[in-house]
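**Q** Let me give you the structure first, and then I'll get to my questions.
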2 protein chains.
Amino acid sequence: MAQAPSATDSGSAGTRVATVRTARYANMQELLFFAYRDFTAGPDAILSEYGFGRAHHRVLHFVHRWPGLTVADLLEILGITKQSLARVLKQLIDAGHIEQKTNVRDRRQRELYLTDEGENLAAALSAPQWRLIEQALHAAGTEHYDAIVAFLRRMIDEDGRLAMGALEDHRRRSEGD
Amino acid sequence: MAQAPSATDSGSAGTRVATVRTARYANMQELLFFAYRDFTAGPDAILSEYGFGRAHHRVLHFVHRWPGLTVADLLEILGITKQSLARVLKQLIDAGHIEQKTNVRDRRQRELYLTDEGENLAAALSAPQWRLIEQALHAAGTEHYDAIVAFLRRMIDEDGRLAMGALEDHRRRSEGD
DNA sequence: TATGATATGTCAGCATGACTGACTTGTTCG
DNA sequence: CGAACAAGTCAGTCATGCTGACATATCATA
């Protein structure tokens, strides 16, 4: 396997090293573009049967993963505006996939939960993505799982990593990991 | 490092294994969502200064990587309709970032090239993405480059992998690899 | 050479999912 | 009591995808 150049390489082979690095980075750009496009293609096809879009998938996904989260939490995770979220959230509630419960300690807050129907839809949407991930992990070699996770995590900015950390903590508490 | 379960695992530890797999896949779903979002955030900020969007970036990227490609090639790579492409392509041509040359062997075809200005913009857009990739590869360990590429490649469907293969062949020929 | 196929360009209209800005309602807390 | 906060809503804009229809120039071939 080829050795990747480090950022501090220099000397007579400097130009050649820069060329290799450039080719790798440009290749990665394309891989990420195509991979993300095909990763979302499976769920998108299911969603269109319900008249939903990718935004609905994201809401279903995060409410599934973080039961009881508030609208404000969701806005922060998704990085969209309240008005953008309101539309898709209302459609999901009207369709019976999500229900809201008033927080008993602070009655201003609405906790979001998936209904049974919502859980079923969320599972159906995840299925094609999990198949892809399973295939891809197998192709990469499952022993590289941690490296792949480290790669993707470092692509996420500081705020996003913090949000994911909070999500993991919440899941551990609520699922008794 | 933990071993990933295979799809054929069974027996008394089956439930535990399925739980580990489920957690990994759900984690990957989120990582891909956040990583792609932040990966596109850098270029998006630059593009908005020009009144361009992500679609313009994709066109600039592929014309840079595949100089002389035709409109039909671009449609196939991007997987969008002629009408959708026409809008952004026209804006890029009008703004002087892309120029068209009639193919001398088949005067129906228009070959697409970046102008110097287009090359500069394409390079500026790639810079933040390359920084992220460099950081991420370093965090993952550069020795895992091939595994990460294998992972991403296998996420892409058959057609997409063929398109990328054609792109690589073309680049090798035109850059004398 | 006439005809059909191909590559490109264009018009008109539609849907989704982002955005900004302004405002209301209900609730909490100092 | 009043400010701050969580959520909901109205009105309008923009980017980027889509369908369908049609025009033009060029090529290939019967």
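The values are calculated or read from the model by the stated rules, or taken from the named source; none is laboratory data. Worth saying up front: this structure is predicted, and the values here are computed from it rather than measured. Heads up, the Cβs are rebuilt from the backbone with ideal geometry, glycines too, and the neighbour counts pull from every protein chain shown. For the accessible areas, the whole protein counts, side chains as well, though only heavy atoms, and no ligand, DNA or RNA atoms are used. Shrake-Rupley method; radii C 1.70, N 1.55, O 1.52, S 1.80 Å.
**Q** Name every residue in the stretch A:102-116 that is in contact (Cβ under 8 Å) with a residue 24 or more places away in the chain and either more than 10 Å from DNA strand D (Cβ to nearest atom) or open to solvent by less than 90 Å² (accessible area, probe 1.4 Å) (or both), in order of residue number.
**A** Of the stretch A:102-116, the ones in contact (Cβ under 8 Å) with a residue 24 or more places away in the chain are A:103, A:109-114.
Selection gives A:N103, A:Q109, A:E111, A:L112, A:Y113, A:L114.
**Q** Being touching a residue at least 24 places away in the same chain (Cβ under 8 Å), in a helix (DSSP H, G or I) and more than 10 Å from chain A (Cβ to nearest Cβ) is the requirement here; does B:E119 meet it?
**A** Working: touching a residue at least 24 places away in the same chain (Cβ under 8 Å): yes; in a helix (DSSP H, G or I): yes; more than 10 Å from chain A (Cβ to nearest Cβ): yes.
For B:E119, the condition - touching a residue at least 24 places away in the same chain (Cβ under 8 Å), in a helix (DSSP H, G or I) and more than 10 Å from chain A (Cβ to nearest Cβ) - is met.
**Q** A further question on this structure: Could we say that B:Y113 is aromatic (F, W, Y) and farther than 27 Å from A:A136 by Cα here?
**A** Details: aromatic (F, W, Y): yes; farther than 27 Å from A:A136 by Cα: yes.
In short, yes.
**Q** Is it the case that some residue within the stretch B:6-18 is at pLDDT below 80 and within 29 Å of the chain's Cα centre (by Cα)? Step through it out loud before you land on a result.
**A** Applying the first criterion (at pLDDT below 80) to the stretch B:6-18 yields B:6-18.
Within this subset, residues satisfying the condition of being within 29 Å of the chain's Cα centre (by Cα) are none.
Checked the stretch B:6-18: no residue is at pLDDT below 80 and within 29 Å of the chain's Cα centre (by Cα).
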